[in-house]
Amino acid sequence: MKFSENWLRTWVNPELSSDELAHALTMAGLEVEALEAVAPAFNNVVVAEVLEVVKHPNADRLNVCQVNVGEAHPLTIVCGAANVAVGVKVPCARIGAVLPGDFIIKQAKVRNIESFGMLCSDKELGLAVESAGLWLLPADAPVGKTLREYLELDDKIFTLKLTPNRSDCSGMTGVARDIAALTGCAFKPLKIQTPPITLSEQLPVKVSDAEACPLYAGRLVRGVNAAAITPIWMVRRLERSGLRVLNAVVDITN
């Protein structure tokens, strides 16, 4: 059982550190097999929008970009990524940023053009093994917001080693209830309003063995937008639970 600590704390939020919470769970019989950060340490990286891309006058494979980082004036940044384009949202490491590997971003002169930062791939931020270019963020990513805050990169992933008698903790509700019982902290379940049934259509269901399956329930849903994009907060929670993101219908079910 894997889950995001940030997600768990929307259900129950005891005044315990990550390590203290892991210890409490283990002592209660829910062994924490692993506790790991979702991202390596880096700082001063913000969501940026590329406003202008012009070929570098002294280099065929470089571009001079004007980049909005949420301040009064855009930054001039020299970039060699093939997928840089006007309008894209990407991570921007500001001057003074420290990236994984203690790589410090400094003001630099690239072929006689001053550059005031670096547009980043997810590999350069330690979040991927390989990368084909800049990390393209969602179009609604808020310009100027720190990447760690926007993507909740200070989160941690808990991995529980459950015993067969604790299948109740194979979901977030069960784990949260246990923590609430252990700590006396308030349990805040989701408030879900069941939509009214508006369709009269029914699908025929035949139960072949009523003893083995005393109840089989289903519901018919129409008008689903199969092309809908899964919200990024849902993507985060699913991926940090070890699930692949496929499409909105599957992701909502998961």
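For the pair Val221/Lys106, report the inter-label distance in nm, with labels modelled 7 Å from Cα in the Cβ direction.
5.5
For the pair Ala128 and Ser18, what calculated FRET efficiency results from E = 1/(1 + (r/R0)^6), where r is the Cβ-Cβ distance and R0 = 22 Å, to the nearest 0.05?
Values: r = 24 Å, r/R0 = 1.09.
The value I calculate is 0.40.
Suppose we look only past 13 Å in the calculated P(r) of the stretch 101-140. What percent of the Cα-Cα pairs does that tail hold? Please report the intermediate quantities before stating the final value.
Values: 501 of 780 pairs.
Counting pairs separated by more than 13 Å, the tail of P(r) holds 64 percent.
How much length is gained on full extension from Asp140 to Ile95, taking 0.36 nm per residue of separation minus their Cα-Cα distance? Spell out each step's value before the answer.
Working: separation 45, 0.36 × 45 = 16.20 nm, distance 2.44 nm.
Stretched fully, the Asp140-Ile95 segment lengthens by 13.8 nm.
Lys and Arg at +1, Asp and Glu at -1: add these up for the other residues within a Cβ distance under 10 Å of Gly174 and post the number.
Details: positive: Arg166, Arg177; negative: Asp168, Asp178.
After counting each charged neighbour, the total is 0.
Given a 1.4 Å probe, how much area per residue of the stretch 74-167 is accessible, in Å²? Could you put the intermediate results ahead of the total?
Details: 4870 Å² over 94 residues.
Result: 52 Å² per residue.
What number, in percent, do you get for the relative contact order of the chain if the mean sequence gap of Cα pairs under 8 Å and at least 6 apart is divided by its residue count?
The value is 25 percent.
So for the pair Val249, Ala72, with labels modelled 7 Å out along Cα→Cβ, what separation do we get in nm?
5.3
Could you tell me the accessible area of Arg9 in Å² (1.4 Å probe, neighbours in place), rounded to the nearest ten?
50
Just report the Cα centroid separation between the stretch 129-169 and the stretch 17-78, whole Å.
That distance is 11 Å.
Ranked by accessible surface with a 1.4 Å probe, highest first, in what order do Ser115, Ser167, Ser17, Ser241 come? Let's see the in-between values first.
On the way: Ser115 10, Ser167 80, Ser17 55, Ser241 30 Å².
So the residues, ranked largest to smallest area, are Ser167, Ser17, Ser241, Ser115.
Given a 1.4 angstrom probe, I'd like the percentage of the accessible area of the stretch 54-134 that is carbon and sulfur, rounded to a whole number. Let's see the in-between values first.
Numbers: 2260 of 4370 Å².
Within the stretch 54-134, the accessible surface is 52 percent carbon and sulfur.
So if R0 is 22 Å, what FRET efficiency would Leu35 and Ser170 give, r being the distance between their Cβ atoms, rounded to the nearest 0.05?
Values: r = 18 Å, r/R0 = 0.83.
Efficiency, from the Cβ-Cβ distance: 0.75.
Please give me the summed charge of the neighbours of Leu238: other residues whose Cβ is under 10 Å from its Cβ, Lys and Arg +1, Asp and Glu -1.
Details: positive: Arg236, Arg237, Arg240, Arg244; negative: Glu239, Asp251.
It works out to a net charge of +2.
When only the heavy atoms of the protein chains count and the probe is 1.4 Å, how do Lys106, Lys206, Lys191, Lys2 rank by accessible area, highest first? Intermediate values should be presented prior to the final figure.
Values: Lys106 140, Lys206 180, Lys191 200, Lys2 75 Å².
The ordering from most to least exposed comes out as Lys191, Lys206, Lys106, Lys2.
Let me check I've understood the local charge: for Glu33, count other residues with C-beta under 10 angstrom from its C-beta, Lys and Arg +1, Asp and Glu -1. What total comes out? Working shown, then result.
Numbers: positive: Lys2, Lys161; negative: Glu31.
Summing Lys and Arg as +1 and Asp and Glu as -1 gives +1.
The values are calculated or read from the model by the stated rules, or taken from the named source; none is laboratory data. What you are looking at is a predicted structure, and each value in this text was computed from that prediction instead of being measured. Note that we place each Cβ from the backbone using ideal geometry, even for glycine, and neighbour counts take in every protein chain shown. Just so you know, the surface numbers come from the protein's heavy atoms only, side chains and all, with ligands and any DNA or RNA stripped out. Shrake-Rupley method; radii C 1.70, N 1.55, O 1.52, S 1.80 Å.
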